[in-house]
Amino acid sequence: MGQLIVVADDCNDDTAAIAEHYADQVIQIAAGNKGAAMYAGLQVVGSELVAFVDGDIQGLLPAHVTALCTLPPLDGQLVGCRSGYSAIAGLLPSVSGERRIPTWLANEVNLAGAGWRAETLINVAIAKAGLPWRHVTFEGVTNLAKGKIFNHPLEWADELVRVFDIWAMYLPELLTYVRHPHGSPGPSLGT
């Protein structure tokens with residue numbers, strides 16, 4: 001049986017209080033950084049597999065979570081891609097926050113301070129380890145907050161530069177990820 005760990009990162013709402021009713025453990029940090037939150041949660045994981053799920057998505061169903069935790073490849077990465085993911089995008093390294101990987105691999109990735117670039121670093125680690133991956137579309141799952149992250153157009157530009165920088169730094173590994181013989185787009189899980 002799995003364990004639900006909620007990391008409330010820099011929350012100024014009732015997230016932690018609500019999570020106390022459902023989670024096995026609630027960790028509160030004030031980093032304001034996705035990678036730091038993933039790292040904090042990972043410190044208390046005791047299972048062989050770890051699933052990461054963004055807290056700001058809508059439409060996630062129990063069937064999506066069950067798929068994320070049980071579908072193969074159990075020795076690699078399963079990524080739950082959001083609705084509207086095109087066929088071409090499904091062949092690329094995903095930046096979705098819904099993913100499951102072996103815990104040993106997660107512990108090898110420098111997640112602390114990585115921000116939302118943590119997903120790319122996980123993809124790189126999967127490629128370096130030669131592990132299989134699979135994308136599964138989570139129909140009905142959206143993230144309405146994505147368009148509200150940045151307050152100024154220059155913040156968008158700064159993040160785009162960072163994305164291109166990390167892709168350029170790890171291009172060989174990301175190309176390996178895409179070309180891996182065990183990598184494949186998977187089925188679509190409807191609402």
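Below, the figures for the structure above:
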| item | result |
| --- | --- |
| Residue 99 being buried (at least 16 other Cβ atoms within 10 Å of the Cβ), of a type outside the set (Gly, Ala, Ser) and under 25 Å from residue 169 (Cα atoms) | yes |
| The range 24-36 residues that are farther than 7 Å from residue 9 by Cα, paired with ones that are aromatic (Phe, Trp, Tyr) and in a helix (DSSP H, G or I) (beta carbon under 8 Å, 6 or more apart) | 34/116; 35/116 |
| Hits in the range 18-30 - residues which are over 16 Å from residue 56 (Cα atoms) and hydrophobic (A, V, I, L, M, F, W, C) | 23, 26, 27, 29, 30 |
| Strands (runs of 3 or more DSSP E) wholly inside the range 26-115 containing at least 2 residues that are at pLDDT 90 or above and touching a Ser or Thr at 6+ places or on another chain (Cβ under 7 Å) | 49-52 |
| Odd one out for residue 185, checked against (1) modelled with pLDDT of 65 or more; (2) under 22 Å from residue 64 (Cβ atoms); (3) touching a His at 6+ places or on another chain (Cβ under 8 Å) | (1) |
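Yes or no, residue by residue, for (1) among the β-branched types (Val, Ile, Thr); (2) more than 21 Å from residue 177 (Cβ to Cβ); (3) out of contact with any strand residue (DSSP E or B) (no Cβ under 6 Å at 6 or more places or on another chain):
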{"position": "7", "(1), (2), (3)": "yes, yes, no"}
{"position": "21", "(1), (2), (3)": "no, yes, yes"}
{"position": "24", "(1), (2), (3)": "no, yes, yes"}
{"position": "40", "(1), (2), (3)": "no, yes, no"}
{"position": "52", "(1), (2), (3)": "no, no, no"}
{"position": "71", "(1), (2), (3)": "no, no, no"}
{"position": "76", "(1), (2), (3)": "no, no, no"}
{"position": "98", "(1), (2), (3)": "no, no, no"}
{"position": "113", "(1), (2), (3)": "no, yes, yes"}
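The values are calculated or read from the model by the stated rules, or taken from the named source; none is laboratory data. Predicted model, so just to flag it, every value in this text is computed and none were measured. Neighbour counts run over all protein chains shown; Cβ positions are idealised from the backbone, glycine included.
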